[in-house]
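Undergrad: Mind having a look at this structure? Questions to follow.
The values are calculated or read from the model by the stated rules, or taken from the named source; none is laboratory data. On a predicted model such as this, the values are computed, not experimentally measured, just so you know. Positions of Cβ are generated from backbone atoms using ideal geometry, with glycine treated the same way; all protein chains shown enter the neighbour counts. Each accessible area value is taken on the protein alone, full model and side chains, heavy atoms only, with ligands, DNA and RNA left out. Shrake-Rupley method; radii C 1.70, N 1.55, O 1.52, S 1.80 Å.
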Amino acid sequence: MNIASFIDHTVLKPDTTLAEIKQICQEAVDYSFAAVCVPPFYVAQARQALDGSPVKLATVIGFPLGYSATVAKVEEIKRAIDEGADEFDIVINIAAAKNGNWSFVRNDIDRMLTACHLRAKQIKVIIETALLTESEILEVCKICNDLVPDYVKTSTGFNGAGATPEVIRLLRSTLKKEIKIKASGGIRTLEDAKALIAAGADRLGASRGVAIVGEE
């Protein structure tokens, strides 16, 4: 198993520096990670740092709380596309989900998905499983089965527990086969990574990618 090919090498701290962005981009190239995931503020610089490499450039939208206005999220996507992003990890409106406002949740996801797919970009829908009940998770999965994003992602890594094999299995058993799964949050060891992949994860969001592949 080539663990590096599953990893989105990630730095999303609010105090992230340009030096750290350049470092993770170089590490992603050196270790052949699937992608780097960076704050929107650094998309243009990361695009330049990755120039000529096959590593994908991902950024986050509505991160990490999800309750930004939909129009603001869509504008974030458009700006990041213009600056060179390939993939978008977008946070659903968790507040709307907790209130059972599923039509709002659907519209929010649909408009972001459309903004990405119109420009042939991939979208990963972060549902923040630690903040949802199982029935709420299943309702979001139902919406995603209708809209068919490229990925459903477990967590931001900023709000409660991250990915677990149990959650991955729940998502895999519920989502359509063509929807991939990204596990994120708390992935610290090679053992963690392998357990999540075995449960059905297709991508892993991790800030410790270099340490994880170093265990192989």
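Undergrad: For region 44-90, take the alpha-carbon Rg, divide it by the Kirkwood Rh, and send me Rg/Rh.
TA: Result: Rg/Rh = 1.02.
Undergrad: Give me the one-decimal Kirkwood hydrodynamic radius in Å for region 6-103, with the sum taken over alpha-carbon pairs.
TA: 14.0
Undergrad: Here's something else I'd like to know. Along region 93-106, what does the Karplus equation 6.51 cos²θ - 1.76 cosθ + 1.60 (θ = phi - 60°) give for ³J(HN,Hα), rounded to whole Hz, x for Gly and Pro?
TA: Running phi through 6.51 cos²θ - 1.76 cosθ + 1.60 with θ = phi - 60° gives 7, 5, 4, 5, 5, 5, 9, x, 8, 6, 5, 5, 4, 4 Hz.
Undergrad: Counting only heavy atoms of protein chains, what accessible area per residue, in Å², does the chain have with a probe of 1.4 Å?
TA: Here the residues of the chain average 44 Å² of exposed surface.
Undergrad: Lysines near residue 194 by alpha-carbon distance under 16 Å, same-chain residues fewer than 8 away left out - which ones?
TA: Straight-line reach from residue 194, under 16 Å: 182.
Undergrad: In addition: Suppose R0 equals 25 Å. What FRET efficiency, 1/(1 + (r/R0)^6) with r the Cβ-Cβ distance, do residue 5 and residue 142 give to the nearest 0.05?
TA: 0.25
Undergrad: Report ³J(HN,Hα) in whole Hz for each residue of region 148-153, in order, from the Karplus equation J = 6.51 cos²θ - 1.76 cosθ + 1.60 where θ = phi - 60°; Gly and Pro get x.
TA: Karplus-based 3J(HN,Hα) across region 148-153 equals 6, x, 5, 9, 10, 10 Hz.
Undergrad: Taking θ as phi - 60°, what are the ³J(HN,Hα) couplings along region 14-28 by the Karplus curve (6.51, -1.76, 1.60), each to the nearest whole Hz, with x for Gly and Pro?
TA: x, 9, 4, 9, 4, 4, 5, 4, 4, 5, 5, 5, 5, 4, 4
Undergrad: What's the extension gain from residue 189 to residue 110 if we count 0.36 nm per residue and subtract their Cα-Cα distance?
TA: Once the chain is fully extended between residue 189 and residue 110, it gains 25.0 nm.
Undergrad: List the residues, sorted by chain then number, that are 5 or more residues from residue 153 or on another chain and whose placed amide H is less than 5 Å from its amide H.
TA: Those lying under 5 Å, H to H, from residue 153 are 125, 126, 127, 182.
Undergrad: Give the long-range amide H neighbours of residue 61: residues separated by 5 or more places, or on another chain, with amide H under 5 Å away, using H modelled in the peptide plane at 1.01 Å from N.
TA: When sequence neighbours closer than 5 places are left aside, the close amide H contacts are 89, 90, 91.
Undergrad: Hey, another quick one. Choose one answer from 93, 145, 101: the residue with the largest mean-square fluctuation in a GNM of the chain with alpha-carbon springs under 10 Å.
TA: Among 93, 145, 101, the largest mean-square fluctuation in the Gaussian network model of the chain belongs to 101.
Undergrad: Lysine pairs in region 65-141 8 or more apart or on different chains: how many have alpha carbons under 18 angstrom apart?
TA: 4
Undergrad: Please identify, among 189, 59, 164, the residue showing maximal mean-square fluctuation in a Gaussian network model of the chain using a 10 angstrom Cα cutoff.
TA: 189
Undergrad: Using a 10 angstrom cutoff on alpha carbons, build the Gaussian network for the chain and name the most mobile of 15, 108, 30.
TA: Residue with maximal mean-square fluctuation among 15, 108, 30: 15.
Undergrad: Sticking with this structure for a sec: Skipping prolines and chain starts, which residues have an amide H placed within reach, meaning under 5 Å, of the one on residue 68, given they are 5 or more residues away or on another chain?
TA: Here nothing satisfies the definition.
Undergrad: Here's another thing I want to ask about it. Counting only protein heavy atoms and a 1.4 Å probe, tell me what percentage of the chain's accessible area is made up of carbon and sulfur.
TA: 51
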